[in-house]
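To keep things clear, I will list the structure first and then write my remarks on it.
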């Protein structure tokens, strides 16, 4: 088991899939000669050449559509959109072409593209480089949405996403590319529908995904040490579809739910998880579920305001203590 | 082109006209729902270009005015009509409708309803062709108004940068929905607009199918020989409104008369009659034969076909039983 950084895990998955299938290509801004903004394609240009590691012009809707069109004929493009904020420009092709083509062709065509993008609030990047968009993608029928919280997931999810016949959006995070974690040495594929128990507990379930799993882990350590509260953590690494069975199983065990998301509460992951809990196991609850989410504002530049806009470990601890009454 | 080919083309174009006009009737009868965009008047464009290409082998994509392109590629008109009727036997199993005809077996890669959406998809198909080493080309048919979308410029740029085998055919019918081209577009001659991308282009009379074939041959040869993208503008006119919900109040009767005097089917018919290859009675008999075929075979098939099952509503949203959804394990 090797310890890899998140970007190294993605790079390894790219490399293996390109070696496995000559129809796998990578596309995006600065991913080739320049090696990639987050190094996720480092060295691949030299290895596979310009036809397969494609430096695109800054035309998000254009090159995303081009990748989708190539996928109609059996090419398997992995498209990197440098920042999720720019993915809005590609939304027409993702939403209207990739996600719908199988349905509206009666199953004749499919768009097996992978779209990877960095979302999340980093360090003072301002309103137009700090958005979290996973909630938007989650609402698109015909699109799979996954979001790795560690290098092992980043590797295994990309591997499966490349081979899956459906279009898959992979939500990454600006702050996580240098995060280290163990990745199996042998080839490894993650399911594209599921969740993982990141920590076992009995008193409350913290639902997190991507970066918020790490906040939950820190909060759980404090809750156990200082307050004797054992929190279970469910890592929702697939956001569409959400793992209903995994969500319900944990709530049946702990009877309490706190959903932690870096994004705003409105129309978000937390709202969706709450709806599932209400639909599936309302009478199992000992307390009303709670969301720990961002404030509904464009992300400010000023560092104090930025910090205040998104949730933190203290917010999670406070929410759990209030719920449990300790 | 020999006489037999000309006669075949005449039949195909007359069939296209009658097919579309029968769609109009079915729409008025409420047999066809949604939006319906008819190709009447523009037949020489699709027929001429695809005559010069290899329909069924080259990869074709277009917008929402798509029935005739699909049929010319080889789609069964019965299935196209059944699709318009929303039937399970339709080309997209009743899930697509008029704007989303697909026939992947014949490499008709679909009708898309976002204006300009197919530009990058076509470039992508060309990228795939190039990677896979075939000598097919990608052909994208869109109207003039699509050229005011960003995808037009983004796609032309990428097609040129990567030297992709794609032919963009602009069916310039002078109107973007109900707005005349000179009121919406700074440069009215569309073929001039691609000069900024160093892509060769031409403008041709889109009502004369023989001229279209000649111009398209040059375009197709250019693309197929590996010289990169080409842009062909065809000047044409649609007889009906943009869609069935269009009052058509924005065009003058004089203009409509002028264009219907240059009808692509009548022009070819008269040429054949003048050359002694066809008689007026022969044309009439052909027309009757086509009308009977549409009624007795195509409409009858669509009428008799079953609708999709409601318990299959979710089918085709995702791939079925894809092992990689389960990590390759199932």
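Only the coordinates and a few stated rules stand behind these numbers; no lab work does. Nothing here was measured: the structure is a model prediction, and the numbers come from that model. Methodologically, a virtual Cβ is constructed for each residue, glycine included, from the backbone with ideal geometry; neighbour enumeration extends over all protein chains shown.
By definition, a body whose alpha carbon gyration tensor gives a ≥ b ≥ c is rounded when a/c is under 1.5, and chain B falls into this rounded group.
Build a GNM of chain A with springs between Cα atoms under 10 Å apart, and of A:316, A:233, A:140 the one that fluctuates most is A:140.
Computed from Cα positions, the angle between helix A:269-281 and the longest principal axis of chain A comes to roughly 60 degrees. Remark: the residue A:58-residue A:295 segment gains 82.2 nm on full extension, using 0.36 nm per residue and subtracting the alpha carbon distance. To the nearest ten degrees, helix A:151-163 and the longest principal axis of the Cα atoms of chain A are 50 degrees apart. Between B:278, B:164, B:36, find the one with the highest GNM mean-square fluctuation for chain B; connect C-alpha pairs within less than 10 Å. Evaluated over chain B, the most mobile residue of the options is B:278. Working from Cα positions, state the angle (0 to 90°, nearest 10) between the long axis of helix A:313-324 and the longest principal axis of chain A. Here the helix axis deviates by roughly 40 degrees. Using R0 = 51 Å, the C-beta based FRET efficiency linking residue A:197 and residue B:2 works out to 0.10. Computed extension gain for residue B:225 through residue B:31, at 0.36 nm per residue and net of the alpha carbon distance, reaches 65.3 nm. Beta bridges from DSSP with both residues in the protein assembly as shown: antiparallel share about 15 percent, rounded to the nearest 5. Beta bridges assigned by DSSP with both partners in region B:51-154 are antiparallel in approximately 10 percent of cases. Take every DSSP beta bridge whose two residues both sit in chain B; close to 10 percent of them are antiparallel.
Working note: 222 nm ellipticity from helices only, DSSP H runs with n ≥ 4, each -39,500 (n - 2.57), summed and divided by the residues of chain B, gives -13000 deg cm²/dmol to the nearest 500.
Note on residue B:148/residue A:253: beta-carbon distance plugged into 1/(1 + (r/R0)^6) with R0 of 51 Å gives a FRET efficiency of 0.35. Take the Cα of residue A:182, step 7 Å toward its Cβ, do the same at residue B:291, and the gap between the two points is 8.0 nm.
With both labels modelled 7 Å from their Cα along Cα-to-Cβ, the residue A:303 to residue B:161 distance reads 3.7 nm. Taking chain A as a Gaussian network of alpha-carbon nodes connected by springs under 10 Å, the highest mean-square fluctuation of the residues A:268, A:246, A:228 belongs to A:228. Remark: mean inter-chain Cβ contacts per residue of B:90-102 equal 4, using a 10 Å Cβ-Cβ cutoff to other protein chain atoms. The per residue volume of the convex hull around the alpha-carbon atoms of the protein assembly as shown is 166 Å³. Taking the number of Cβ atoms within 10 Å of each Cβ as an exposure proxy, the fewest-first ranking of A:238, A:254 is A:254, A:238. The simple spin-label model puts a point 7 Å past each Cα toward its Cβ; for residue A:50 and residue A:278 those points are separated by 5.6 nm. Judged by the gyration tensor of its Cα atoms, with axes a ≥ b ≥ c, region A:196-324 is oblate; a/c meets the 1.5 cut and b/c is at least as large as a/b.
So, R0 is 51 Å and r is the distance between the beta-carbons of residue A:266 and residue B:182; what FRET efficiency does that work out to, to 0.05? So, using R0 = 51 Å, E works out to roughly 0.70.
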